[in-house]
Amino acid sequence: MAKQNQAKQSDLKVTERDNTLNPRQLRAAGFIPVTLYGKNRESVQIQAKTHELSQLIMHGSQHFQLSGFVSGPAKLRQLQVDPVSQQPISAQLLSV
């Protein structure tokens, strides 16, 4: 019997990016700017709650099931972290 290596997907709620705020203001409001890329699609600017995304990543999640403004599976492509506070400042996800 073959064992399948499937990464566990964690649920992540995302909302449409508030373009009236710059990234610093967005982070001060408790959100992290996220860009979602995908094959044969335009990139989408979204946002996620900083605490929720940090907790998922801290527990080793790299694959997410997005819900809210955009839905579907996504994989963490890049995470930018503040060098002093070690808090995430932006993320890039790849739609799979």
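The values are calculated or read from the model by the stated rules, or taken from the named source; none is laboratory data. Treat the numbers as computed from the prediction; the structure is a model and nothing was measured. Using ideal geometry, Cβ is built from the backbone for each residue, glycine included, and neighbour counts are taken over all protein chains shown. Accessible surface areas use protein heavy atoms only, side chains included; no ligands, DNA or RNA. Shrake-Rupley method; radii C 1.70, N 1.55, O 1.52, S 1.80 Å.
For the reader, a short list of remarks on this structure follows.
- Close pairs from segment 45-61: first in a helix (DSSP H, G or I), partner surrounded by fewer than 17 Cβ atoms within 10 Å (Cβ to Cβ) and modelled with pLDDT under 90, Cβ under 9 Å, at least 6 apart: 50/87; 54/87
- Residues of segment 58-93 that turn out to be among the charged types (D, E, K, R) and out of contact with any Leu (no Cβ under 9 Å at 6 or more places or on another chain), as a count: 1
- Per-region count, segment 66-75, residues open to solvent by less than 60 Å² (accessible area, probe 1.4 Å) and within 10 Å of the chain's Cα centre (by Cα): 2
- Close pairs from segment 80-96: first more than 17 Å from residue 35 (Cα to Cα), partner in a strand (DSSP E or B) and not β-branched (Val, Ile, Thr), Cβ under 9 Å, at least 6 apart: 82/88
- Residue in segment 50-60 that is in contact with a Phe, Trp or Tyr (Cβ under 8 Å, 6 or more places away or on another chain) and either within 11 Å of residue 12 (Cα to Cα) or surrounded by 13 or more Cβ atoms within 10 Å (Cβ to Cβ) (or both) present: yes
- For segment 28-51, the set of residues classified as at pLDDT below 95 and among the charged types (D, E, K, R) consists of 39, 41, 42, listed by residue number.
- Tallying residues that are in a loop (DSSP other than H, G, I, E, B), touching a residue at least 40 places away in the same chain (Cβ under 8 Å) and open to solvent by 80 Å² or more (accessible area, probe 1.4 Å) within segment 5-22 yields 1.
- Residue 25, sole failed condition from (1) open to solvent by 60 Å² or more (accessible area, probe 1.4 Å); (2) touching a Lys or Arg at 6+ places or on another chain (Cβ under 9 Å): (2)
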